[in-house]
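Here's the structure, in structure tokens; my notes come after.
The values are calculated or read from the model by the stated rules, or taken from the named source; none is laboratory data. Keep in mind it's a predicted model, so treat the numbers as computed, not measured. Cβ coordinates were reconstructed from backbone atoms using ideal geometry, including for glycine residues, and neighbour counts include every protein chain displayed. Side chains included, ligands, DNA and RNA excluded: accessible areas come from the protein's heavy atoms. Shrake-Rupley method; radii C 1.70, N 1.55, O 1.52, S 1.80 Å.
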Amino acid sequence: QVQLVESGGGLVQPGGSLRLSCAASRSFFSTNFMGWYRQAPGKQREMVAQIFTDGVTNYADSVKGRFTISRNNAENMVYLQMNSLKPEDAAVYYCRASTSSGNYWGQGTQVTVSS
């Protein structure tokens, strides 16, 4: 089982930046991919970014060029650098680990984009 803890959310003005962090309780060795998802009020949870075991990344069209997912395998960390934030990026952001034993989710971190 994998426990995930997100951090780094907060209030930022439009055009600003935030860096989200996800700490995993164990090695990523058996994961298929790590990902960031988000859910805004009244909307379904959506994929934001994924990073696969081989380092390949995948982004939602709405964040391409603004967000960057990365990982540090030695420290079991996954990051989401978010730049040029827009009000529509506001949501609860969740970290996900897709492993051979199942999918695991963190508790989420709130991102608010407002002036």
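Listed values, structure above:
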read-out	value
Candidates V48, V5, filtered to the one that is touching a strand residue (DSSP E or B) at 6+ places or on another chain (Cβ under 7 Å), assigned to a strand (DSSP E or B) and open to solvent by 50 Å² or more (accessible area, probe 1.4 Å)	V5
Single residue of S7, S21 found to be under 14 Å from Y93 (Cα atoms), in contact with a Phe, Trp or Tyr (Cβ under 7 Å, 6 or more places away or on another chain) and of a type in the set (S, T, N, Q)	S21
Among residues of the range 17-45, those that are open to solvent by 70 Å² or more (accessible area, probe 1.4 Å) and either closer than 18 Å to R66 by Cα or assigned to a strand (DSSP E or B) (or both), counted	2
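Residue-by-condition table, conditions (1) closer than 23 Å to S115 by Cα; (2) surrounded by 15 or more Cβ atoms within 10 Å (Cβ to Cβ); (3) touching a Lys or Arg at 6+ places or on another chain (Cβ under 8 Å); (4) at pLDDT 95 or above:
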residue	(1), (2), (3), (4)
Y59	no, yes, no, yes
F67	yes, yes, no, yes
M77	no, yes, yes, no
A91	yes, yes, yes, yes
Y94	no, yes, yes, yes
T99	no, yes, no, no
